[in-house]
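*Asks:* First the structure, then my questions, so here it is.
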Amino acid sequence: MTSPETMMLTAIKEATYCLDKPTGGPFGAVVVRNGVVIAHGRNEVTELLDPTAHAEVQAIRNACKVLGTFDLSDCVLYASCEPCPMCLCAMMWARIEKYYYGAAAADAAATGFDDSVFYKEVRLPSNERQIKSEMICNKEAVEVLQSFKNKADKKMY
């Protein structure tokens with residue numbers, strides 16, 4: 001079986017690719033199952049014009065395609081840097097069982113990739129966040145949720 005360090009170096013190699021190509025920030029990730037790399041991902045935010053195309057998200061998307069499932073509960077993710085809140089949530093939705101990271105969030109912040117505002121923001125009540133929000137059509141929206149809850153053939157994730 002391949003060592004965690006070897007897998008991390010693979011994720012770091014993905015990050016290094018971003019130094020030579022203008023795909024996005026210098027971040028890479030790999031999804032591993034039973035000691036085998038299933039999928040690679042690198043930051044592609046600027047290349048794809050997609051603010052969600054972080055390395056971890058791309059690796060998860062690629063792994064789900066390869067495995068034909070949205071459930072990666074038997075997988076481990078290696079990220080060249082500590083995941084941002086969005087990527088951490090994506091890993092949780094994918095049910096990643098464990099992740100390893102190379103650089104700390106503070107290391108990324110020191111190079112201009114500071115996620116601290118996001119960590120602070122998610123702790124706030126919705127009415128205190130930077131992006132303004134307002135609940136409307138609650139009754140109608142809840143009806144759809146209830147209809148789904150009552151479906152006999154629903155597929156939960």
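The values are calculated or read from the model by the stated rules, or taken from the named source; none is laboratory data. Computed from a predicted model, the values in this text were never measured in an experiment. Note that we place each Cβ from the backbone using ideal geometry, even for glycine, and neighbour counts take in every protein chain shown. Ligands, DNA and RNA are excluded from the accessible area calculation, which covers all protein heavy atoms including side chains. Shrake-Rupley method; radii C 1.70, N 1.55, O 1.52, S 1.80 Å.
*Asks:* Starting from segment 77-106, keep only residues that are touching a residue at least 24 places away in the same chain (Cβ under 8 Å) and within 17 Å of V30 (Cβ to Cβ), then list their pairs with residues that are among the β-branched types (V, I, T) and assigned to a strand (DSSP E or B) whose Cβ atoms are within a distance under 6 Å, requiring at least 6 positions of separation or different chains.
*Replies:* L77/V31; Y78/V30
*Asks:* Next question. Restricting the search to segment 18-28, which residues are open to solvent by 50 Å² or more (accessible area, probe 1.4 Å) and closer than 23 Å to D114 by Cβ?
*Replies:* Those that are open to solvent by 50 Å² or more (accessible area, probe 1.4 Å) and closer than 23 Å to D114 by Cβ: L19, P22, P26.
*Asks:* Given segment 29-118, what helices (runs of 4 or more DSSP H) lie entirely inside it while holding 1 or more residues that are in contact with a His (Cβ under 9 Å, 6 or more places away or on another chain), open to solvent by less than 60 Å² (accessible area, probe 1.4 Å) and of a type in the set (D, E)?
*Replies:* Because the criterion is at least 1 residues that are in contact with a His (Cβ under 9 Å, 6 or more places away or on another chain), open to solvent by less than 60 Å² (accessible area, probe 1.4 Å) and of a type in the set (D, E), no helices (runs of 4 or more DSSP H) in segment 29-118 meet it.
*Asks:* Shifting gears a bit: Looking at segment 139-157, I want the residues that are in a helix (DSSP H, G or I) and β-branched (V, I, T) and have a partner that is modelled with pLDDT under 95 and open to solvent by less than 90 Å² (accessible area, probe 1.4 Å) with Cβ atoms under 8 Å, at least 6 apart or on another chain. Which pairs are those?
*Replies:* Taking only residues 6 or more apart or on different chains, not a single pair turns up.
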